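Just below is one structure, and these are the notes that go with it.
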Amino acid sequence: KETQADEFLRQHMDPDTSKVTASYCNTMMKLRNVMGEPCKPVNTFIHEPLRDVQAICLKGDVPCKNTKSDCHQSSSKMRITDCRLKKGSIYPQCDYETQQKRKYIIVTCEGNPYVPVHFVGSV
Ligand code: T3P
């Protein structure tokens, strides 16, 4: 069974990509099997080394806006791509807009080792 940590890697990690094209999200959301029913409204891929993303869990405690465990914010801006579902897009034709950004990211972490399990957002 896929652990929450593995799910985070599948849905949110793409360290080896630096430049993305307009079709990136439509390709990646299918390739990584992030397409559920209904279409997932927003999903972020992180283009930084895994160790740098895992390190976020060890510092940078910030309050969570929801009920989830513990939130941690990166100490530097990270290269990310936000995939946003286009208006009117209906499953199974989940059509995504690709937006490259550099922002601080916020994750929740769990377990031992204490690793990212959910992407909370970017600021
Ligand atoms: P998951 O918990 O599987 O990582 O917040 C609900 C989901 O939306 C959550 O999925 C994370 C995802 N999400 C992003 O990937 N990027 C964002 O910027 C936001 C706000 C949510």
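The values are calculated or read from the model by the stated rules, or taken from the named source; none is laboratory data. Computed from a predicted model, the values in this text were never measured in an experiment. All Cβ positions, even for glycine, are placed from backbone atoms using ideal geometry, and neighbour counts span all protein chains on display. Side chains are part of the model used for accessible areas, which takes the heavy atoms of the whole protein and leaves out ligands, DNA and RNA. Shrake-Rupley method; radii C 1.70, N 1.55, O 1.52, S 1.80 Å.
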With r defined as the distance between the Cβ atoms of Gln99 and Lys1 and R0 fixed at 25 Å, what FRET efficiency is calculated, to the nearest 0.05?
0.20
Can you give me the solvent accessible area of Cys64 with a 1.4 Å probe, rounded to the nearest 10 Å²?
40 Å²
Take the cross-link list Lys1/Lys77; Lys30/Lys101; Lys1/Lys103; Lys19/Lys65 and give me the ones stretching past 29 Å between alpha-carbons.
Lys1/Lys77; Lys1/Lys103; Lys19/Lys65
Can you tell me the dipole magnitude for the chain around its Cα centre, using point charges on the Cβ only (Lys, Arg +1; Asp, Glu -1), in Debye to the nearest 20?
400 debye
Under a 1.4 angstrom probe, counting protein chains only, how are Asp70, Asp82, Asp16 ranked by accessible area, largest first?
Asp16, Asp70, Asp82
Just from the alpha-carbon atoms, what are the Rg and Dmax of the chain in angstroms?
14.2, 41
May I ask you to list the trypsin sites (Lys or Arg not before Pro) in segment 29-86 that are in a DSSP loop and have at most 10 other Cβ atoms within 10 Å of their Cβ?
Lys59, Lys65
Could you work out the relative contact order of the chain, using alpha carbon pairs under 8 angstrom and six or more residues apart, expressed as a whole percent?
28 percent
³J(HN,Hα) computed for each position of segment 88-102 - Karplus, 6.51 cos²θ - 1.76 cosθ + 1.60, integer Hz, glycine/proline x
x, 6, 10, 3, x, 8, 6, 10, 10, 8, 9, 10, 7, 9, 10
Please work out the Cα center distance from segment 3-34 to segment 76-117, rounded to the nearest Å.
9 Å
